[in-house]
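Below is one structure; the comments refer to it alone.
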Amino acid sequence: MKPGSVAVVGAAETTRMGKIPELSVIGLHADAALNALADAGLKPCDIDGVATAGENPTAIAHYLGITPKWVDGTAVGGCSFMLHVRHAAAAIASGLCTTC
Amino acid sequence: MPNDQRPLPTPTPETAHFWEGCKAGELRLQRCTGCDGSYFPPRPFCPACGSRDVEVYAASGKASLYSYVINHRPPPGFGSDPYAIAVVTLAEGPRMMTNIVESPQTPEALKLDMPLTVTFEAFGEIALPFFKPAGV
């Protein structure tokens, strides 16, 4: 894989911070994911790989309307999400999921 | 059916309207005001297009039997007789996992594509949506 051939194209948090009583745990995941999709100009059907820690990545994918080819549920503490980025880059490079 | 051991859902903010509807005898679905698609289970956005412009509406309660298995080893809270775990296709499109009631739990009685109607059974504060053969 050439350096720079995989990039983060969208990133977001939940719409509001602090106490958010109107959303469940899975709802918070979906809210942040929808915001990241909007940031990237993508729709759920454009996505074929999902990584998350704590919640089940397949459950998150189905909740978002995604049929995943690749999932990663690595949960090793606060650095899980750094590993997700690394795993995602490796998955794209090896063809386990796509970017188009 | 002994109900005290039956696992029941805990409504969340996103699913409260559905469970309140079941208690009121109404099957509530959601649809996207953008792409017009109905979906289930409840969530505050459209799983087809990602839009957050969605609305709750009362479904017809009509469905057809899509698939089922007959479980001969009921878990605690599900009685002692074999019972069908079914997937039904709602008239509005979405599929729902449920039980078929007011019918023998046999392949002879449970015909695929048979028309069904929703019915609700209360378990304390929660009412669960089940389906029975249409016309029963």
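The values are calculated or read from the model by the stated rules, or taken from the named source; none is laboratory data. Small disclaimer: the values here were computed from a predicted structure and weren't measured. Glycine gets a Cβ as well: all are built from the backbone with ideal geometry, and neighbour counts include every protein chain shown. All accessible areas refer to the heavy atoms of the entire protein, side chains included, with ligands and DNA or RNA removed. Shrake-Rupley method; radii C 1.70, N 1.55, O 1.52, S 1.80 Å.
Given the criteria open to solvent by less than 70 Å² (accessible area, probe 1.4 Å) and within 12 Å of chain B (Cβ to nearest Cβ), does A:ALA61 qualify? Step through it out loud before you land on a result.
Values: open to solvent by less than 70 Å² (accessible area, probe 1.4 Å): yes; within 12 Å of chain B (Cβ to nearest Cβ): yes.
Yes; evaluated as a whole, the condition is true for this residue.
Give B:ALA109, B:ALA91, B:ALA86, B:ALA122 a once-over and let me know the one that is free of Cβ contacts under 8 Å to residues at least 60 places away in the same chain, within 14 Å of the chain's Cα centre (by Cα) and open to solvent by 20 Å² or more (accessible area, probe 1.4 Å). Lay out the reasoning, then the answer.
On the way: B:ALA109 fails: within 14 Å of the chain's Cα centre (by Cα); B:ALA86 fails: open to solvent by 20 Å² or more (accessible area, probe 1.4 Å); B:ALA122 fails: free of Cβ contacts under 8 Å to residues at least 60 places away in the same chain.
Answer to the selection: B:ALA91.
Within the group A:GLY54, A:GLY95, which residue is open to solvent by 60 Å² or more (accessible area, probe 1.4 Å) and in a loop (DSSP other than H, G, I, E, B)? Break it down stepwise before answering.
On the way: A:GLY95 fails: open to solvent by 60 Å² or more (accessible area, probe 1.4 Å).
Result: A:GLY54 is the single residue among A:GLY54, A:GLY95 that is open to solvent by 60 Å² or more (accessible area, probe 1.4 Å) and in a loop (DSSP other than H, G, I, E, B).
Residues of the range B:100-136 being among the charged types (D, E, K, R) and more than 24 Å from B:THR10 (Cα to Cα), which ones? Before the answer, list the steps.
Of the range B:100-136, the ones among the charged types (D, E, K, R) are B:102, B:108, B:111, B:113, B:121, B:125, B:132.
Matches in the range B:100-136: B:GLU102, B:GLU108, B:LYS111, B:ASP113, B:LYS132.
Given the condition facing chain A (nearest Cβ under 10 Å), modelled with pLDDT under 95 and buried (at least 19 other Cβ atoms within 10 Å of the Cβ), answer yes or no: does some residue in the range B:49-57 qualify?
Within the range B:49-57, one or more residues are facing chain A (nearest Cβ under 10 Å), modelled with pLDDT under 95 and buried (at least 19 other Cβ atoms within 10 Å of the Cβ).
Name the residues in the range A:15-44 that are in a helix (DSSP H, G or I), open to solvent by 80 Å² or more (accessible area, probe 1.4 Å) and either more than 9 Å from chain B (Cβ to nearest Cβ) or in contact with a His (Cβ under 9 Å, 6 or more places away or on another chain) (or both), would you?
Residues of the range A:15-44 in a helix (DSSP H, G or I): A:25-40, A:44.
Then drop every residue that is not open to solvent by 80 Å² or more (accessible area, probe 1.4 Å), which leaves A:25, A:39.
Matches in the range A:15-44: A:ASP39 only.
Say whether the condition of being crowded, with 16+ Cβ neighbours inside 10 Å and more than 14 Å from chain A (Cβ to nearest Cβ) is met by at least one residue in the range B:32-47.
For the range B:32-47, residues crowded, with 16+ Cβ neighbours inside 10 Å and more than 14 Å from chain A (Cβ to nearest Cβ): absent.
Looking for whichever is touching a Lys or Arg at 6+ places or on another chain (Cβ under 9 Å) and of a type in the set (Gly, Ala, Ser) here; the options are A:ALA75, A:ALA30, A:ALA51. Which one fits? Spell out how you get there, then give the answer.
Details: A:ALA75 fails: touching a Lys or Arg at 6+ places or on another chain (Cβ under 9 Å); A:ALA51 fails: touching a Lys or Arg at 6+ places or on another chain (Cβ under 9 Å).
Checking each option against the conditions leaves just A:ALA30.
Exactly one of (1) more than 23 Å from A:TYR63 (Cβ to Cβ); (2) free of Cβ contacts under 8 Å to residues at least 60 places away in the same chain; (3) of a type outside the set (A, V, I, L, M, F, W, C) is unmet by B:GLY50. Its number?
The failed condition is (1).
Confirm whether B:ALA16 is surrounded by fewer than 19 Cβ atoms within 10 Å (Cβ to Cβ) and modelled with pLDDT under 95. Give the steps one after another, and end with the answer.
Working: surrounded by fewer than 19 Cβ atoms within 10 Å (Cβ to Cβ): yes; modelled with pLDDT under 95: no.
Spelling it out, it is not the case that B:ALA16 is surrounded by fewer than 19 Cβ atoms within 10 Å (Cβ to Cβ) and modelled with pLDDT under 95.
Condition check ((1) hydroxyl-bearing (Ser, Thr, Tyr); (2) assigned to a loop (DSSP other than H, G, I, E, B); (3) over 21 Å from A:HIS62 (Cα atoms)) across all residues:
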| residue | (1), (2), (3) |
| --- | --- |
| B:GLN5 | no, yes, yes |
| B:GLU14 | no, yes, no |
| B:PRO41 | no, yes, no |
| B:VAL56 | no, no, no |
| B:ARG73 | no, yes, yes |
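Taking the range B:58-83 as the region of interest, how many residues are polar (S, T, N, Q), open to solvent by 40 Å² or more (accessible area, probe 1.4 Å) and either over 23 Å from B:TRP19 (Cβ atoms) or touching a helix residue (DSSP H, G or I) at 6+ places or on another chain (Cβ under 9 Å) (or both)?
Step one: filter the range B:58-83 for residues polar (S, T, N, Q), giving B:60, B:64, B:67, B:71, B:80.
If we keep only those that are open to solvent by 40 Å² or more (accessible area, probe 1.4 Å) too, we end up with B:60, B:67, B:80.
Going one step further and asking which of them are either over 23 Å from B:TRP19 (Cβ atoms) or touching a helix residue (DSSP H, G or I) at 6+ places or on another chain (Cβ under 9 Å) (or both), we end up with B:67, B:80.
Within the range B:58-83, residues that are polar (S, T, N, Q), open to solvent by 40 Å² or more (accessible area, probe 1.4 Å) and either over 23 Å from B:TRP19 (Cβ atoms) or touching a helix residue (DSSP H, G or I) at 6+ places or on another chain (Cβ under 9 Å) (or both) number 2.
Regarding B:GLY25, is this residue open to solvent by 30 Å² or more (accessible area, probe 1.4 Å) and on the phi > 0 side of the Ramachandran plot? Reasoning before the result, please.
On the way: open to solvent by 30 Å² or more (accessible area, probe 1.4 Å): yes; on the phi > 0 side of the Ramachandran plot: yes.
Taking the combined requirement at face value, the residue satisfies it.
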